[in-house]
Each structure stands twice: as C-alpha cells, then as structure tokens.
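Each value in this text was obtained by applying a stated rule to the coordinates, not by laboratory testing. Note that the structure is a prediction, hence the values are computed from the model and not measured. FYI the Cβ positions are ideal-geometry reconstructions off the backbone, even for glycines, and counts take in every protein chain you see.
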C-alpha cells in the first residue's frame, strides 16, 4: 500500500495557507491540528464567542482547563493577550462578513466546489451542521481538509455530492491525504501530489477530470 | 418590585406547563444551566420544545455528575438544534426510538439560530438568510432573489422560557458571564418571555460595573444560585476534568 499523508502533514500544509494578520476559524478534527503550525500573528476565532485566544491545551495540560474557555468542538484553550469574548450575534457577523478564513473537514467536495460535511446520508438521523454552513458561505476563503477516498477506496471528490449539502460552490482549496486541489471556474486544478504519487494515480481515485497545474509538484511544506 | 431571587430550582420552574418551549445553551455542557434542566426533569412536564445548540448524549458521565439535555428526551416533542448527535458517536441513532414515537427534529445552523432568536427578541417578522441555500434548510421555506442573490426566509423563535447559566447576577437581575458561557445566552435571555438564570454568585445592587453588564436586568425574571459543588459548578468541573483523563473515548474525541 502506497503511503498517504498523515493528519499532521495535512494540517501543516493547510496552515501554510495562512499568514500574519489572518483571522481563522478551525473546524473539528484535522483543522484543529493546524493550530500547532500556524505562523505568528494569526488570530483564531471560535463561533461560540472568542477571538485571539491562545493555544489548545494538550492532554497533559488538562489541569489548566477552564470551564469557560472551550472552542466550538469542546476543546480547551488558554487565554492570550488581545483576546476578545463576545456573543453569537457578534460571532456570526464576523463569520458572515468575509473577514475570516475557514478550514473545515469534508465528507465530499464536488467539482463545482459544493461541500457536504454534516451528515453521511442514507438513514442517518440528526447530524453536525453546527456553524459549518455559515462558515462555508461567509468566509473569504474556504479550505477543506479531508481523506481522498472512503474506507472502501471510493472517491470523496466527486462530480456531484450525494450526501446532504453544507453549502453550494463554496470550496476554494482541498487538501487531502493525496493531493492539493484548487477549485476554479474552469474546473478542479491538481496543484500538488503526495510524495511518490503520480497525477494519474490521483486521478484514478478522483471522479471529476482534473486539470494538471503547469507547475504540478510534490506537496510543498517549505 | 418583588425579589427575583429564588431559593431553589424547583420553585423557579414551578409554572412551566406541558407544551412549553425552552431555550437552553449547550456548547459543551459545562456552560449549561444544568440545575434548571434537572428541575424540569424532576417536574416531569411533557411535550416540551427544546431550542439549543448541541444535543449530544454524554455517555461518559453519570446523570448525577452532569445533567444533559438528552436526559429530557422522554419529555420532548421537538428539538431545534444545529447539532444532533456526533458522527463518532453514531450520529443521531440515539434519538431513533423517540423519532419513531413522534419526536420532531428541526435542524438549523448556529448562525441561523442566533439570528432567529434575535428576530424573536426584537419582534421582527423574520429575515432573509443566505446561509442554507441549496441545503435541507430550504425545505418548506420561502425563497427570494434579492439583487441577484438567493435567500431563504427564516422566521423568528420566541421561546416561552430561557435557562441561562451566567456567572454573576445582581439582585436587580443584571447578568455578567464568564468566557464562552456567553455565546448565545444573551440572545436567548432577550428572546424568551420568561428568563431564569442560575449563577455562581448573587451580589448587591451596585456591585456590577455598568460597563460590564451583558444582559440588562429588564430581560431577567428569576435568579437562583448554583450550590457550592453543585451541578455545573466550577468545583464539579474540576472533578470531571480529573476523571476525563481516564476516559479513553473522551480523550480521543477531544485530542485526536
């Protein structure tokens, strides 16, 4: 079995999209890990009402956990200078105003950039819509981190999503365990591949026909 | 004006009838009005509508340690929430037996819920929402194109009651929160007809700086103090954190 990128590497690559002065909302799962790799000067926002908070607490640091300092996924963080606390009306004004970059998980992304990430379809009851729909519509840039295929090897980057949608035509960049793909008006552009993977091998596991970037290269973590 | 301070939680919820709608925040149960929820469970009123942010079973703790909204399931007619269940815990499978018996679930998004509660608070007829276009949130609702962009018409939510977990109240009913306790509670407190707050501390009038008041007293009807070491108290939280380290599945959910 060929080696795919692990979660840490995907998180590292996603964090590369951020720069000093950006305000970012990180979703649950791999996006949360991006916090470990962001450059200086990036402010974190969580939809339950905090901006500019500090790093997430690791397991060994639980004794520092405060009941009042959690993110939307229930993870504990530490306060930081310059932090702001506010209510959800303020929070969602931030989220819907195009001021944030959002890094979200994905179950499926379609060729046109539709995102499905709250319900795995079928008989599934309930689901985790959360703030994802608001972030997907409102953010100035939507980055999705995800696995390229299902456990049975079926593509998760598809022509049309079969799972219930989070939002239509919202995704800008997909970072999977095999590739970095940009969603454009002309179609999905394959920009980077995991080490040891060819464009053809990645295409074989992707439903839409990928446009190959002129400077297609192995995933760039520098 | 009579005192807003109630000695106990059962008295504070005494007038809640079958069929009532209650807004309760639940972004992580640590910021939830657990004592008021436990009192409603004891009271046994039925056919309730719960408006919340997260409706997720807490399989790791006993009910006496942490009271959760899911403990009210047999008493519910309807849930309005952006999150029902968690993928890693089998999603919404835990509500299936209740859905089969008639429980209604209305999914929404966090931002949509915040705006619907604000619309309720401000007596608006509704608003046009760009979020949810092309998703299940559209179902059964009016859509409109305004300046070339599609919107869904969302109606206000006006709960009968709001259960608010604040940090400090003065005897007038001004509320101060702590950290992310705040979240959607100020909006819930304004949207509800009757707002009941449980707090760590009740102080004398004048002891809260007006600059720090987040929920002005006019919106708050009843105040009850959380007992030392009681449900949702900081002391109880510290005990839970101690246990959390031992619960493999919970550590996985939070740290992996």
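Structural descriptor for chain B: relative contact order 20 percent, calculated from alpha carbon pairs under 8 angstrom and at least 6 residues apart.
Per Stokes-Einstein, at 25 °C and 0.890 mPa s, what whole-number D in µm² s⁻¹ belongs to the stretch B:15-104, with the Kirkwood radius over Cα pairs as the hydrodynamic radius? In µm²/s, the coefficient is 186. Between residue A:6 and residue A:97, the simple spin-label model (points 7 angstrom out along Cα→Cβ) gives 4.0 nm. Taking every alpha-carbon pair under 8 Å whose residues sit at least 6 apart, chain A reaches a relative contact order of 18 percent. Remark: C-alpha extents of chain A on the principal axes read 48, 39, 31 Å, sorted largest to smallest. The mean count of C-beta atoms from other chains within 10 Å of the C-beta of residues in B:227-239, rounded to a whole number, is 1. Counting only other chain Cβ atoms within 10 Å of each residue's Cβ, the peptide B:84-91 averages 6. For chain B, a Gaussian network of Cα nodes joined below 10 Å ranks B:123, B:15, B:184 by mean-square fluctuation, and the top entry is B:15.
Each Cα pair under 8 Å and six or more residues apart adds its sequence gap; the mean of these over the residue count of the stretch B:1-105 is a relative contact order of 25 percent. With a 10 Å cut-off around each Cβ of A:88-97, the average count of Cβ atoms from other chains is 6. Secondary structure note: in the stretch A:153-222, about 70% of the DSSP beta bridges are antiparallel.
Each Cα pair of the protein assembly as shown feeds into the Kirkwood radius, which the Stokes-Einstein equation turns, at 4 °C and 1.567 mPa s, into a diffusion coefficient of 56 µm²/s.
When the Gaussian network model of chain A links Cα atoms closer than 10 Å, the mean-square fluctuations of A:78, A:160, A:13 top out at A:78. According to the Kirkwood expression over distinct Cα-Cα pairs, how big is the hydrodynamic radius of chain B, in Å? Value: 19.1 Å, from the Cα pair sum.
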